[in-house]
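Notes follow the structure.
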């Protein structure tokens, strides 16, 4: 019988705060981007690297973070991650040039990649004694991610408007120090013996970074140019090499046998497409509010506050109940389709539009879709994995979400730029570019919803009740060693 910690709910608050802050780091810079662009000299197309530098480091190193969590002990890696995140935040806040800002954001991403899988391992350790408590804890923890992503938009507006854009990074220093002081509440998870697959980590991170870089630069140098083709081939080669490494090394970063866990593949595909639709939505919605409707940073953040409220209320009070009653499949598929509906609505934005007509109702529909899909997809991806490999499973599902976010934003930025989003001051052209991005995001979400409904196994929600014995790995099956 697992040991029950009397302070487990306080510990959950620490972990949920960490998840909230790590995901908020992908969005808090949203409304600050125009001010950062002016001060640091970013181009319209290059501005997305403030976001992508974080996401590439975060998504590319999550598997390594999960492995380190399993091998070195989750609490130790959690502490190390916050230390790195604080350091990166200081660099990003103090940046005077674009390249230093990008470096600071990448360091933040490294910290996030250590924190996220370690936090999931700690959560699974705290609540392994009771599947019902685990389901409740997962719902609260899961709600912290999209809530942090959307709350970052609002807080970024407050800091940028009333203080200055560096404060979107400075805020992580006191919160990080406070979190480190509270790590005594977390359980000490014993480390396991094993090796670290450094080559695998380098290959997957390089492949992701090169793919995003190629997609970002393609509109400038041409999709058919030799440079673009070589960069995409290099990315594919690097990712293929990663798979070869995983098959040949004794202790791989991501043992391929883990993909035999039921629903892991379909849930991670859903998470990839969810990230590819959701993250570009708030990115371009911020730009539409500021560059077309003329909102200031604070007003832009406040305009998206209703999304934050809906996400928090729905995910903490309703989604877990729906998951227990209907299971993951209809919620993931239906949520992605609802998100697609909201994005189609947003695609009708107008140069002379208004918040009440063009933004508020559509953004709430999109947020409802995210509220339905995110937690069920996360829990479906992890429900069949053995507890001792929670760090690996968490690393995989977070990697797919962040990979989808980075590639989706890069591709949709290229599309938006080709349709006029790079013409600052030309409101009709900007609106056409943003509309094209919303339309493409809607297609991505709709495809994700349909694929989920057609391909995912129908099961009673293991996410809500805990893994069924039949879902666990058989003795001797290679799932995480």
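Values quoted throughout were computed directly from the atomic coordinates according to the rules given, and no laboratory measurement underlies them. Remember, predicted model here, so these are calculated numbers, not experimental data. Cβ atoms come from the backbone with ideal geometry, glycine included; neighbour counts cover every protein chain shown.
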Run the quick spin-label model on residue 250 and residue 226: label points 7 Å from Cα toward the beta carbon, then report their separation in nm to one decimal. 4.5
Grab the alpha carbons of the stretch 164-221, take their convex hull, and tell me the volume per residue in Å³. 146
Report the label-to-label distance for residue 233 and residue 195 in nanometres (one decimal), using points 7 Å from each Cα along the Cα→Cβ vector. 3.2
What percentage of all Cα-Cα pairs in the stretch 197-252 are separated by more than 13 Å? 57
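Which of 205, 183, 125 has the fewest other C-beta atoms within 10 Å, and how do the rest follow up to the most?
Result, fewest neighbours first: 183, 205, 125.
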With labels modelled as points extended 7 Å from the Cα through the Cβ direction, what inter-label distance (nm, one decimal) is found for residue 162 paired with residue 299? 1.8
Diffusion coefficient, µm² s⁻¹, Stokes-Einstein with Kirkwood Rh over alpha-carbon pairs of the stretch 271-337 at 10 °C and 1.306 mPa s: 115
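To make sure I understand, if each residue's beta carbon is the centre and we count other beta carbons within 10 Å, what order do 354, 371, 363, 266 fall in, fewest to most?
With the fewest neighbours first, 354, 371, 363, 266 line up as 354, 266, 363, 371.
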Fewest to most neighbouring Cβ within 10 Å: what's the order for 77, 244? 244, 77
